[in-house]
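Below is one structure, written out as structure tokens; the observations come after it.
The values are calculated or read from the model by the stated rules, or taken from the named source; none is laboratory data. Quick caveat, the model's predicted, so the values are computed rather than measured. Here the Cβ positions follow ideal geometry from the backbone for every residue, glycine too, while neighbour counts run over all protein chains shown.
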Amino acid sequence: MALRRQIRVGSQWMYADEAHKALREALRVMEDEKVAEGHGGHHQSFIRRYVFSTDHKWIGIQYGFTALLFLLLGFCLMILMRLQLGWPGQAFSIMKVLGESRAPGGVLLPEAYNQLGAMHGTIMIFLGIVPLAVGAFGNYLVPLQIGAPDMAFPKLNMASYWCYFPGGLIMLASFLAPGGTAQSGWTSYPPLSVIASQGQTWWLIGMVFLITSSLLGSVNFIVTIIQLRAKGLTYMRFPFFVHAQFVTSFLLLLAFPPLEAAAVLQLMDRVAGTSFFLPSGLVVSGQALTNAGGGNPLLWQHLFWFLAHPEVYVLILPAMGIVAEIIANNTRKPLWGYKSMVFATVFLGFMSFVVWAHHMFLTGMGTTISAFFQTTTMIISIPSVIILSSLFISLWGGSIRFNTPMMFALAFLPMFGIGGLTGLPLGLAAADIHLHDTYYVIGHFHYVVAPGTIFAMFAGIYYWFPKATGRKLNEFWGKVHFWVSFVCINGIFFPMFAQGLAGVSRRLYDGGMQYAHAKQIAAQTNPFMSICAIGLLTAQVPFICNFFYNAIAAAIGRRDEGLGSNPWQATTLEWAATTSPPLAHGNFEVLPVVYRGPYEYSVPGETAEFIPQNTPLTEPAPRGGGLLPTTAVAMREN
Amino acid sequence: MDAHASVGHAELEIPYNVHPRPDTGLYNAKLGVWLFLASEVMLFGALFSSLILLRTGADSWPRGYEFLNVKLATFNTFILILSSVTVVMAWSHLRLGNLKKGRIYISATVFCALVFLTAKGFEYAHEFRENRFPKTNNFLAIYFTMTGLHGLHILGGVIVFLYFLGPGAKMWAKEPERYTNRIEIVGLYWHFVDLVWIFLFPILYLM
């Protein structure tokens, strides 16, 4: 064994290479500290600070605001549809906002119903939930939770928001296009979408913007998480939310480009007259199409679902991350099975790329392919179950604090459970023959996304509102918001399972009243569901008032000083930053160093009830210290 | 150690912007560009898959070599490979601290790219004169879509190179290492764009 040179550092002997490493680390920390102090008081113009901001916290708030507005808009479109479904053919004065061409005399036209349906899906998924889950929560929290001064590429982050926003505007503007907006569903299946009116072209262009935004964002997140982790923050010390965002970013990065390719091809079909998705011999309104033909409508479905299935996990993983944080905090216990949750998340990410064709069992792709995708679909349910079970078991034996964020997080568990379990029959090709394209499918994915993901988003808003503003949202109105929403949302979606099992198809303009087999159940359930939808809208009023009252109060400087920097007594790093970190001034006065796992609540033998991640260990570190091994001492003395 | 990192910047300093993080061995943008290229692989991968699906499902499929200009495309292939060499030369000269030679090689890369685009323009014009448009058949549709998208990537690279020749080169005075990194990154992108063509050429022109 070759002898390594040793040098004396203070009172200790160290190997030269280890001393060198330590010196480099010390210089890095000093540099970071200098940086953290260095940008204390420079002034930025209003536009740089609030419009084209490069600060991840403000961009997160921008995303959050925009996404919440889009969620409300998407919901309002659905209210109009629900009015039509509950009372088909009746005139409603509110319907007149759509204009004479869509709702003459307040009666919704079928093509307008299709437009509302397509845009409800598009807005909710691409403009509402993904930007809220990834753009808002991810942007605001990931750098704080990993102890980074900002995202790795702040300008790219700004560009990402400024691709998302125009993309949204283009989607909205498509309502004004001749013939109205896109009306081929959020899935835009050809050939209908190719021969649809001009609004579809706007939809495709809007999608290209949104895809670009997601790509920029996902590159940024992955680099930030890998490169800007605080010292000592190893992967297994990440809060679960960071893992969820990490996997989500990979899904966005790798799943969105095929949809971009598909959008380009459909754009070519619509603009340049190609026939990628148009088969030969297509006849529209009694006239043969002049296209060359030879295309394949299934190609679109493959490319679309190659994105859109991972997209489902993009919708759900950040929600699981939020719920995990809140459950650990409010049970005052570490998460049960943290490691298995992390590996389940990564496995889920991989598997989500090989299940897409379970959306296409009825397209006649063949039993072999169906069998393959049926198998992978059954396999992918396992990691979801692992995560959900771990969250349930985490509740065991905890002294649970039932505050508003925790109520939403707790509601997430059974709601996502219902959504997930009702998905299993859809993943089996035989059962799917009966259930495909019925209200059962709608019920299934809305249970995952609405009382699932959106409830998790609400939980996150209530939980991190004090971080962003220095004020807590009102608990009483929060609970009113929760209970009314919880009852109403189940009133909307649960009857859908019954409708679907009775064979009511989705996308029916009158909710099934024209079909003998569907008529009875449609008449029994649809008015009730529509009333619940209106109830759900009403339930959002206390939330909106609560939110704006406190946000405005915080903006004019009326913070709740008694709240402190860690109102929930949490352990993760975002609460180690200064009280609601000042905008555009970096996050931490001194970049934190992490010594512990993410959820050190109620640690046996410790006096403190919770120990933040950046609290140094009390006894000397067992490994990695600078102490010289005894064998080396012996050699030196010889 | 990071002598030039904190000079004259009003904005926030992000760690590992220039120097690699010890445990990952990468600086931020290098990891970023590899991720971006991964997404590009998925983009072109989807298009190649579409081509395969359309071709295997077609009753008859035109052969590119029967009417496309294979000679010109071969020439273009070599031009692009040459440009990949010049961009490496530019980077290695910058690494050695020689901005002048670095710029000469960046200019050579841009020149190659422009030659490629011009040749492609002639090819397109020829097809249009012969009444061959994207809508004529699915082979031409995918041919124009893929080569067009590839051409846009080339054009994007040219714009970035021109920026680094012009206003972007100011960075050299203060942060030569960062400037060199940027050329390395755009170089990685450039290699990828070349690689796409290496796949496009045989599939569209020869098979």
Item to check | Selection from segment B:54-86 of residues that are among the β-branched types (Val, Ile, Thr) and within 14 Å of chain A (Cβ to nearest Cβ) | outcome: B:THR56
Next on the checklist: I'd like to know if segment A:345-353 contains one or more residues that are away from chain B (no Cβ under 14 Å), touching a helix residue (DSSP H, G or I) at 6+ places or on another chain (Cβ under 7 Å), farther than 30 Å from A:ILE393 by Cα and not β-branched (Val, Ile, Thr).
Outcome noted: no
Next on the checklist: Of the conditions (1) surrounded by fewer than 24 Cβ atoms within 10 Å (Cβ to Cβ); (2) assigned to a loop (DSSP other than H, G, I, E, B), A:VAL208 satisfies every one except a single condition; which number is it?
Outcome noted: (2)
Next on the checklist: Considering only residues that are among the small types (Gly, Ala, Ser) and modelled with pLDDT under 95, which ones fall in segment B:30-63?
Outcome noted: B:GLY57, B:ALA58, B:SER60
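Quick grid of which residues meet (1) touching a residue at least 60 places away in the same chain (Cβ under 8 Å); (2) within 26 Å of A:PHE126 (Cα to Cα):
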{"site": "A:ILE382", "(1), (2)": "no, no"}
{"site": "A:SER394", "(1), (2)": "yes, no"}
{"site": "A:PHE416", "(1), (2)": "yes, yes"}
{"site": "A:GLY420", "(1), (2)": "no, yes"}
{"site": "A:THR438", "(1), (2)": "yes, yes"}
{"site": "A:ALA456", "(1), (2)": "yes, yes"}
{"site": "A:ARG471", "(1), (2)": "yes, no"}
{"site": "A:TRP477", "(1), (2)": "yes, no"}
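Looking at B:LEU188, B:LEU195, which one is assigned to a helix (DSSP H, G or I) and touching a residue at least 24 places away in the same chain (Cβ under 8 Å)? Step through it out loud before you land on a result.
On the way: B:LEU195 fails: touching a residue at least 24 places away in the same chain (Cβ under 8 Å).
When all the criteria are applied, what remains is B:LEU188.
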Item to check | Per-region count, segment A:422-469, residues within 20 Å of A:PHE547 (Cα to Cα) and of a type in the set (A, V, I, L, M) | outcome: 7
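Residue by residue, here is whether (1) more than 9 Å from chain A (Cβ to nearest Cβ); (2) touching a helix residue (DSSP H, G or I) at 6+ places or on another chain (Cβ under 8 Å); (3) under 29 Å from A:PHE588 (Cα atoms) holds:
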| site | (1), (2), (3) |
| --- | --- |
| B:PRO15 | no, yes, yes |
| B:VAL18 | yes, yes, yes |
| B:ARG21 | no, yes, yes |
| B:GLY25 | yes, no, yes |
| B:LEU31 | no, yes, yes |
| B:ALA38 | no, yes, no |
| B:LEU43 | no, yes, no |
| B:ALA46 | no, yes, no |
| B:ILE52 | yes, no, no |
Item to check | In segment A:224-248, residue farthest from the other protein chains (Cβ to nearest Cβ) [restricted to those that are under 21 Å from A:VAL29 (Cβ atoms) and in a helix (DSSP H, G or I)] | outcome: A:ARG237
Checklist entry - Within segment A:445-467, which residues are surrounded by fewer than 24 Cβ atoms within 10 Å (Cβ to Cβ), more than 17 Å from A:VAL134 (Cβ to Cβ) and under 19 Å from the mean Cα position of the chain (by Cα)? => result A:PHE445, A:HIS446, A:ALA450, A:PHE465
Checklist entry - Can you name every residue in segment A:128-172 that is in a helix (DSSP H, G or I), surrounded by 24 or more Cβ atoms within 10 Å (Cβ to Cβ) and more than 19 Å from the chain's Cα centre (by Cα)? => result A:MET171
Checklist entry - In segment A:277-298, is there at least one residue being in a helix (DSSP H, G or I), over 19 Å from A:SER384 (Cα atoms), at the interface with another protein chain (Cβ under 9 Å from one of its Cβ atoms) and at pLDDT below 95? => result yes
Item to check | Among (1) in contact with a His (Cβ under 9 Å, 6 or more places away or on another chain); (2) touching a residue at least 60 places away in the same chain (Cβ under 8 Å); (3) away from chain B (no Cβ under 11 Å) - the single one A:TRP305 does not satisfy | outcome: (2)
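Filter segment A:340-366 down to residues that are over 25 Å from A:PHE250 (Cβ atoms) and touching a residue at least 60 places away in the same chain (Cβ under 8 Å) and give me whichever is surrounded by the most Cβ atoms within 10 Å (Cβ to Cβ).
Of the residues in segment A:340-366, the ones over 25 Å from A:PHE250 (Cβ atoms) are A:361-366.
Within this subset, residues satisfying the condition of being touching a residue at least 60 places away in the same chain (Cβ under 8 Å) are A:361-363, A:365.
Working: A:PHE361: 23, A:LEU362: 12, A:THR363: 15, A:MET365: 15.
For segment A:340-366, the residue satisfying everything is A:PHE361.
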Checklist entry - Within segment A:477-514, restricting attention to residues that are among the basic types (Lys, Arg) and under 20 Å from A:LEU83 (Cβ atoms), which residue is surrounded by the fewest Cβ atoms within 10 Å (Cβ to Cβ)? => result A:ARG507
